[in-house]
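This report concerns only the one structure given below.
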Amino acid sequence: MASPDLKHRPIQQQTAPDEDDMNHHHRKKPKNAAAHRGLRSLSVAVALPLSLSVLDIFLFGSSSRYRSLDKPFYVPPLWALHLACVSTAFLSGLSAWLVWAEGGFHRHPAALGLYLGQLALSLVWYPVVFGAGAIRVGLLLCAALFGVLLGCARAFRNMNPIAGDLVKPCLAWALLLAAANVRLVYQ
């Protein structure tokens, strides 16, 4: 029988860690590694289109003709056009990563083609319109870009609704680009 005067607790026996504790410890490591891989792939998916867009703007983005235009309210200044281009590159990269993270490009390879098509069309617009001065060709590029982005939004929404919603501002950017291009055509 236990004495009522006992003031200390008995010491619990230290045992060797059992197999469950060892497996639990090893399970944490792959989670961390997977998180690091996920962050690394997210960084690449966002940084690649973003850096290509910034390079595109740096090489072909200055246009004295566009700056000298008498612009109505719906045609943005050049800095806003550049900002919209960089923003949509970020959003499209993020949406593509969301689809890729769920294995969407493996299940529906056409979605990857649509994404790469919209990336190429958005990167080609600056050199064609501001570099070569082919304004009417730029208008065709805007129409193609809008169509490809519409396909991207539908395909991405089927795989990840958030990714589909992230493409919607890119659709608005394509319309903004078309408005600026129309203004250049009818200058």
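Coordinate-derived values only; no laboratory data. For clarity, every value in this text was computed on a predicted model and none was experimentally measured. Methodologically, a virtual Cβ is constructed for each residue, glycine included, from the backbone with ideal geometry; neighbour enumeration extends over all protein chains shown.
With θ taken as phi - 60° and the Karplus curve 6.51 cos²θ - 1.76 cosθ + 1.60 applied, the whole-hertz 3J(HN,Hα) list for segment 154-171 is 5, 5, 5, 5, 5, 9, 7, x, 5, 4, x, 6, 5, 7, 4, x, 5, 5 Hz, x standing for glycine and proline. Model label sites at Ala132 and Ser64, defined 7 Å from Cα along the beta-carbon direction, differ in position by 2.3 nm. Label sites at Ala47 and Leu112, each approximated as a point 7 angstrom past Cα along Cα to Cβ, lie 2.2 nm apart.
Ellipsoid fit via the Cα gyration tensor, segment 78-187: semi-axes of 27, 13, 11 Å, each the root of five times an eigenvalue, largest first. Across segment 175-186, computed HN-Hα scalar couplings (Karplus, 6.51 cos²θ - 1.76 cosθ + 1.60, θ = phi - 60°) run 5, 4, 5, 5, 4, 5, 5, 4, 5, 5, 5, 9 Hz from first to last residue, x flagging Gly and Pro. Between Asn158 and Phe73, the FRET efficiency estimated from the beta carbon spacing at R0 = 30 angstrom works out to 0.25.
Extension gain, Glu102 to Tyr186, is 25.8 nm, computed as 0.36 nm per intervening residue step minus the present C-alpha separation.
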